[in-house]
Structures are given as C-alpha cells and as structure tokens.
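Comments concern the structure below.
The values are calculated or read from the model by the stated rules, or taken from the named source; none is laboratory data. None of these values were measured; they are calculated from a predicted model. All Cβ positions, even for glycine, are placed from backbone atoms using ideal geometry, and neighbour counts span all protein chains on display.
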Amino acid sequence: MAREAYPYLAWCAALAALLAMLAGRFPLLWWLVGLMGVLAAFVAYFFRDPERVIPAEDDAVVAPADGLITRLVPVAPDNPASPWLVSIFLSPLDVHINRAPIAGVIRETLHRPGHFKSALREDAALINEQFILTLEGERVTVTLKQIAGLIARRCVQWKKVGDRVARGERIGLIKFSSRTDLIVPPEVALCVKQGERVVGGTTIIGRIRPPD
C-alpha cells in the first residue's frame, strides 16, 4: 500500500472510534461506523501497490500506468517525424501508481497549476493541474505527464531531478481518478492501440528501434 493512504486510514479509524463511543447512547450511529469501515476498505484498495513483473528487454518501453488507452496520436500530425502521444485514463478502480517507462535519469520536473476538468477531455493536458517529468535514457528521451481530473486533486512525484530510475520503477501517484500521458519520440515503434487496457510497468507499449 502506498504511504499516502495512511492519513486517510487514520481519519477513518479516528471517526469510527468516536462514533462507536457515541453509539452506546445513539444506536443509529452504528451504521456510520460501518460506513467508515467501508470507506477505509476503499482507501486501502485504491492505494494498493502490487508488485509487477518488469520486462527485461533493453528496447522495451513499458506503460507508465494502469488503465485504458484513450488517445494514441502524433503530436504534430503533419510531421512524419512527430513524437507520439499515448494517453492512459485511470478510473478510481485502477492502480494509481505511476512507473518509469524506460530506464534513465530524470532531467526535468515541472509542476503546472491548472483546472480540474474531466481527464477525458482532449484539452486536459493543456488546462489541468499536472506534473511533467522528462526522463532521458541511453537511446531515447520521453516525457511523462501526471494529469489531475474531476476527482483527482493532487499529483505526487517521488523523484527529483538527477535521480536515476530503472524501467518500471515507481515514480509517483495521482490521488483518485486521473490521466497519465506519455510522449515518445519517433524512434519508438508503438505496439498498442487505442481502446486497449495496459498494466503499468508490465505492458510493453513500444520498442526502441535499432540505430541505422
């Protein structure tokens, strides 16, 4: 379980204990105690952090998050050498841990304040609250965006500039429903399609082409 769950669980436990003490005089409060238990179970489920089998191939680019690919388009459609955008929508039932798509060094991180519109909107990457991370590998550099949504109100980054990360390593999370965008250069041959579900750190979404 991600450590960000602990404050929420503590609040649920404290409220449940208080309500249980009052329920001796007001029995109807027991249903609120039960509700706190259900809420705590959801928090534990939402912040789950399962282990993943990370592909070992050096050319593999893995999904940075669990979820549904909602967009897979060139960033500059008129440019044959355009980078590609892969948008992954995370529902409240998905694992919300973000993982490094490639091994490399974090060269830049940027927090961009913004709105909390639906993460499914095409312009969410332009107007919503987000963290942007640039990751430089040995052969390619990729950009990862953690984008807040209607319910998600905070993007959490666990890494800083200069940190070296392994492919599939945990790098952060987004609290509640959200979206993760990955921008890859044309040197990456994508092997997923729009509408496909992916698993963070495990699903290979592309392979780095060998040098000419």
**OP:** Output the number of residues of the stretch 163-181 satisfying the condition of being within 11 Å of N98 (Cα to Cα) and touching a Pro at 6+ places or on another chain (Cβ under 7 Å).
**Re:** 1
Original post:
Can you find even one residue in the stretch 12-31 that is assigned to a strand (DSSP E or B), among the hydrophobic types (A, V, I, L, M, F, W, C) and in contact (Cβ under 8 Å) with a residue 12 or more places away in the chain?
Top reply: no
Original post:
Is it the case that I106 is out of contact with any helix residue (DSSP H, G or I) (no Cβ under 7 Å at 6 or more places or on another chain), at pLDDT 95 or above, in a strand (DSSP E or B) and within 28 Å of P210 (Cβ to Cβ)?
Top reply: yes
Subject >> the stretch 171-202: number of residues that are surrounded by fewer than 21 Cβ atoms within 10 Å (Cβ to Cβ), in contact (Cβ under 8 Å) with a residue 24 or more places away in the chain and either out of contact with any Gly (no Cβ under 8 Å at 6 or more places or on another chain) or in a loop (DSSP other than H, G, I, E, B) (or both) >> reply: 13
**OP:** Look at E196 and say whether it is farther than 20 Å from I106 by Cβ and of a type in the set (D, E).
**Re:** yes
Original post:
Which one is farthest from I208 (Cα to Cα) among residues in the stretch 38-58 that are of a type in the set (A, V, I, L, M) and free of Cβ contacts under 8 Å to residues at least 40 places away in the same chain?
Top reply: V38
Subject >> Matching residues in the stretch 50-108 - criterion: being assigned by TED's automatic domain parsing to the domain that holds E136 and of a type in the set (K, R) >> reply: R71, R99, R107
